[in-house]
Amino acid sequence: MDESMILVDHITKEYILGQIGRTTLRDELQRLGARIRHREDPTQKIGAQQYERGDTFFALDDVSFELKAGERVGIIGRNGAGKSTLLKLISRVTVPSSGMIGLNGRVASMLEIGTGFHPELTGRENIYMNGAILGMRKKEIDEKLEDIIEFSECRQFIDTPVKRYSSGMYVKLAFAVAAHLDSEIMVMDEVLAVGDMAFQKKCLDKMNDVSRSQSRTILYVSHNMNTIRQLCKRCIVLDQGKLIYDGDVEEGIRQYMDAGGMSFDKKMDLISVPRLKGISRRILFVSAEIHRDNNVYTSHEPMDIVFSLKAENVQENVRFMMILFYQDGTRIGKTESGEFTVQPGINMVSVSVPNKGLADGAYYYEISILQRSRSFAREKCDCIPNVIPFVINNTEVFGVKGEMWKSNYWGHIMMDPIQVTSQ
């Protein structure tokens, strides 16, 4: 491996769909009896019959890359792309179906909240247990114990069983252990999303510090592109189990957003798309139609949409709510309409959504129908995420033609120009 800390060589991870592992004598006897009497298999899980032919699923498909000492690499991709599976293979939680992984050093892993912790042990006892798993001697852990406790901000509860910790306390202690105990490789899977903002910054600063000062290699999975930008100098993009990009962070984020499959449709059927939970369905979105032939706007152009709504009875005190997201999942803001009335049957409602202040980039909405009751409580009648994708492309920034907006430096809101008056 030379100077490589991690070598992933043509890794494939294949899973068999449906019920597997029929190993007990009792299950086999029940299955035999059912076949003799021509009855349904009593041990079969609901819906498993569709997988009886041995259908397989490739969580990872021929993935290869190499990491040097001190590299900080972000792994991004949509849900189900294979990110967590890859980290489990590197952490030796499971083994690949084919290919080889070479590691040159000890691995400290945080694959989920509480990984490696025993719930009945105290925080202090779990620190020693994690150190022992990494191959450290008690004397080495003693030397780092105070630093770990101080960093975790859990000193008051350090002798309390961790089963009584909140999810945030779990993360704080687990990260403190992984960051301070001696390991050449740190593997992190979206764990910082649970911590508060101040602790997230503290963790990112610590990872940057140990990477530079101790040449520690870091693999970090996150859906938060800002933390990827802050920590990582290299980005790996996975899509449907395949490695589709390995290189510069900004280009990797662009590739990830392109792989998101957010295609533009002038007319969208909203009846069959997934809804968020907790809706009453008293009023439902049926369709949406955009009043132009493309989805590219400037920040001075509003988006005109005609929504088709369906209701069984007259519904009063109704309004739209639209939450705006950047294409990497960052929540940007919210807008609402005034109140209106929905009649029984199909209703056509035109809306004009302002784009004022939006910087260059790709966006989408989460759309909701709200209804105010007599007690002034607001009920969510319908709610659909990840719809109405659009692009903002301004021809100039602050009146300077040809200057491109840099979202990673300046954010996603383009404020009005500063007014200067000479005294």
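The values are calculated or read from the model by the stated rules, or taken from the named source; none is laboratory data. Not measured: the values here are computed from a predicted model. Don't worry about glycine lacking a Cβ; one is built from the backbone with ideal geometry, like all the others, and counts go over all protein chains shown.
For region 102-113, the criterion of being hydroxyl-bearing (Ser, Thr, Tyr) and in a loop (DSSP other than H, G, I, E, B) is satisfied by no residue at all. Whenever a residue of region 317-337 is over 15 Å from Val349 (Cβ atoms), its partners that are at pLDDT 90 or above and polar (S, T, N, Q), lying with C-beta atoms within less than 8 angstrom and at least six residues away or across chains, give the pairs Ile323/Ser368; Leu324/Thr335.
Being of a type outside the set (D, E, K, R) and buried (at least 17 other Cβ atoms within 10 Å of the Cβ) is the filter; apply it to region 85-98 and report the residue that is nearest to Asp159 (Cα to Cα). Talk me through it step by step, then tell me what you get.
If we filter region 85-98 for residues that are of a type outside the set (D, E, K, R), which is where we start, we get 85-87, 89-91, 93-98.
From what's left, buried (at least 17 other Cβ atoms within 10 Å of the Cβ): 85-87, 89-91, 96.
On the way: Thr85: 33, Leu86: 34, Leu87: 31, Leu89: 33, Ile90: 32, Ser91: 28, Pro96: 38 Å.
Taking the candidates together, the pick is Ser91.
The set of residues in region 296-334 that are more than 26 Å from the chain's Cα centre (by Cα) and buried (at least 17 other Cβ atoms within 10 Å of the Cβ) comprises Tyr297, Ser299, Met303, Ile305, Phe307, Ser308, Leu309, Lys310, Ala311, Gln315, Val318, Phe320. Scanning region 128-151 for residues that are more than 28 Å from the chain's Cα centre (by Cα), closer than 17 Å to Val162 by Cα and crowded, with 18+ Cβ neighbours inside 10 Å gives Gly131, Ile149.
Answer with yes or no whether Ile75 is modelled with pLDDT of 85 or more, under 20 Å from Arg216 (Cα atoms) and β-branched (Val, Ile, Thr).
On the way: modelled with pLDDT of 85 or more: yes; under 20 Å from Arg216 (Cα atoms): yes; β-branched (Val, Ile, Thr): yes.
Yes, satisfied.
Would you be able to say whether some residue in region 190-208 is over 18 Å from the mean Cα position of the chain (by Cα), over 19 Å from Arg92 (Cα atoms), touching a residue at least 60 places away in the same chain (Cβ under 8 Å) and not in a strand (DSSP E or B)? Within region 190-208, one or more residues are over 18 Å from the mean Cα position of the chain (by Cα), over 19 Å from Arg92 (Cα atoms), touching a residue at least 60 places away in the same chain (Cβ under 8 Å) and not in a strand (DSSP E or B).
Looking at region 118-132, can you tell me whether even one residue there is within 21 Å of Asp189 (Cβ to Cβ) and in contact with a strand residue (DSSP E or B) (Cβ under 7 Å, 6 or more places away or on another chain)? Checking region 118-132: at least one residue is within 21 Å of Asp189 (Cβ to Cβ) and in contact with a strand residue (DSSP E or B) (Cβ under 7 Å, 6 or more places away or on another chain).
Table: residues versus (1) under 30 Å from Glu14 (Cβ atoms); (2) in the same structural domain as Asp159 (by TED's automatic domain parsing); (3) not β-branched (Val, Ile, Thr).
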site	(1), (2), (3)
Ala81	yes, yes, yes
Val93	yes, yes, no
Phe117	no, yes, yes
Gly131	no, yes, yes
Met136	no, yes, yes
Lys144	no, yes, yes
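For region 52-84, what are the residues that are assigned to a strand (DSSP E or B) and buried (at least 20 other Cβ atoms within 10 Å of the Cβ)? Can you show your working first?
Going residue by residue through region 52-84, those that are assigned to a strand (DSSP E or B) are 56-68, 72-76.
Hits for region 52-84 are Ala59, Leu60, Val63, Leu67, Arg72, Val73, Gly74, Ile75, Ile76.
Just name the residue that is nearest to Leu60 (Cα to Cα) out of those in region 224-259 that are assigned to a helix (DSSP H, G or I) and of a type in the set (D, E, K, R).
If we take residues in region 224-259 being assigned to a helix (DSSP H, G or I) and of a type in the set (D, E, K, R), then Asp258 is nearest to Leu60 (Cα to Cα).
If you go through region 146-164 and keep only what is among the aliphatic types (A, V, I, L, M), part of a helix (DSSP H, G or I) and either out of contact with any Phe, Trp or Tyr (no Cβ under 6 Å at 6 or more places or on another chain) or outside the structural domain of Glu184 (by TED's automatic domain parsing) (or both), you end up with Ile148, Ile149.
Tell me whether region 178-201 contains one or more residues that are basic (Lys, Arg) and within 19 Å of Val221 (Cβ to Cβ). Yes, that holds for at least one residue. Against the condition under 28 Å from Thr12 (Cβ atoms) and touching a strand residue (DSSP E or B) at 6+ places or on another chain (Cβ under 8 Å), how does Ile158 come out, does it pass? It is false that Ile158 is under 28 Å from Thr12 (Cβ atoms) and touching a strand residue (DSSP E or B) at 6+ places or on another chain (Cβ under 8 Å).
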